[in-house]
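Working notes, structure below.
The values are calculated or read from the model by the stated rules, or taken from the named source; none is laboratory data. Predicted, not measured: the structure shown is a model, and the values here were computed from it. Note that we place each Cβ from the backbone using ideal geometry, even for glycine, and neighbour counts take in every protein chain shown. Please note that ligands, DNA and RNA were not included when accessible areas were found on the heavy atoms of the full protein model with its side chains. Shrake-Rupley method; radii C 1.70, N 1.55, O 1.52, S 1.80 Å.
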Amino acid sequence: MYLSTAEPPAAGPGPLRLTRTVAREFSGGSPYEGDPLLEEYLTDMTGLYGLRFRPDRYAAGPRVPFTTMADQLLTDLDPLGGPLDLVAIAHASPDADPRRVTACYLCDVAPGEPLAFAVSDQGLAAPFTALRLLGTYARGFTHCRALLIILEQSTLPYDVVAPPYPPPTRDVGVALLLESGGPPAGTAGISVRRYAGVTRDRAASALVADLAAATPGDGATLLADPGLGPLPRIGGHPHRVAPSGLGCVAPWWLLAQEPVPGTTRVLAAHDPGSNELCVTTIGITRPEGGLGCP
């Protein structure tokens, strides 16, 4: 028996950096006319988790598909400035219309035939995982252009009982265009830090410790998920708390509202389901477009 391993990837050109970001709130689609196959699928899927499919609840919701959201975000980013190598979709709520797989769809419609994948079932930690994975994959490219799309929708086809955090009440999306090559001098670039075993009552103090150890200098603004609760001003770092109802999009929504070149933003969220604190530092390197409904 022989053990063989792949050759290690060649060293990449450096970490990813944020070049553009957009955000948007979406309105509902056409009235629901019924689909027996879709309803059978949703009945089977909800039943796996001990839940009951509610056709009335599903029909009453906006039912904005993730493919529709991703399409509009791509339009908002146009022109993209070249082909994409990687696309990651992150979400906590399920797709309102599972008949089309968003990652496969983006492989076809995004320029460059990128490698696309989705991160879900991680609650509020999903965008942080997706960003870390993009950074890992990007090291295999000479020059990488990547897109992170974070989506949440409000149509849940089942009753929500004792959720670990409030379910989304708005249909929202944020897209981050990233490029490799390393950050310019004087900026923080992008880093992702995750802390397991952090209960909700310890999340704020753990975040304070992270900022004291990992955030460069004063002037970085903290953008926090509302689940972290009231936060003190930490050293020279002012903070903003995202509005409720945005799910895992929350701190990233704030990032898209204030794309100020030459500044550093620290995004933080605590997922009460996994007791994980997630923090990312993003240095904004160039003027960006921002579109959304705060």
Probe 1.4 Å, protein heavy atoms only - accessible area per residue of region 95-178 in square angstrom: 41 Å²
Just the number please: accessible area per residue for region 37-92, 1.4 Å probe, all protein chains included, in Å². 48 Å²
Keeping all protein chains in place and using 1.4 angstrom, which order do CYS104, CYS248 fall into by accessible surface area, from largest down? CYS104, CYS248
Using a cut-off of 9 Å between beta-carbons, work out the net charge of the residues near VAL249 (Lys and Arg +1, Asp and Glu -1, VAL249 not included). 0
Could you tell me the accessible area of ILE284 in Å² (1.4 Å probe, neighbours in place), rounded to the nearest ten? 0 Å²
Charge sum, other residues only, whose C-beta stays under 9 Å from LEU38's C-beta, Lys/Arg counted +1 and Asp/Glu -1: -3
Nearest-10 value in Å² for the accessible area of GLU40, using the 1.4 Å probe: 110 Å²
For region 13-80, with all protein chains present and a 1.4 Å probe, just round the carbon and sulfur fraction of the accessible area to a whole percent. 54 percent
With all protein chains present, calculate the accessible area of CYS107 using a 1.4 Å probe and round the result to the nearest 10 Å². 40 Å²
Just add up the charged neighbours of THR281: K/R +1, D/E -1, any other residue whose Cβ is under 10 Å from the Cβ of THR281. +1
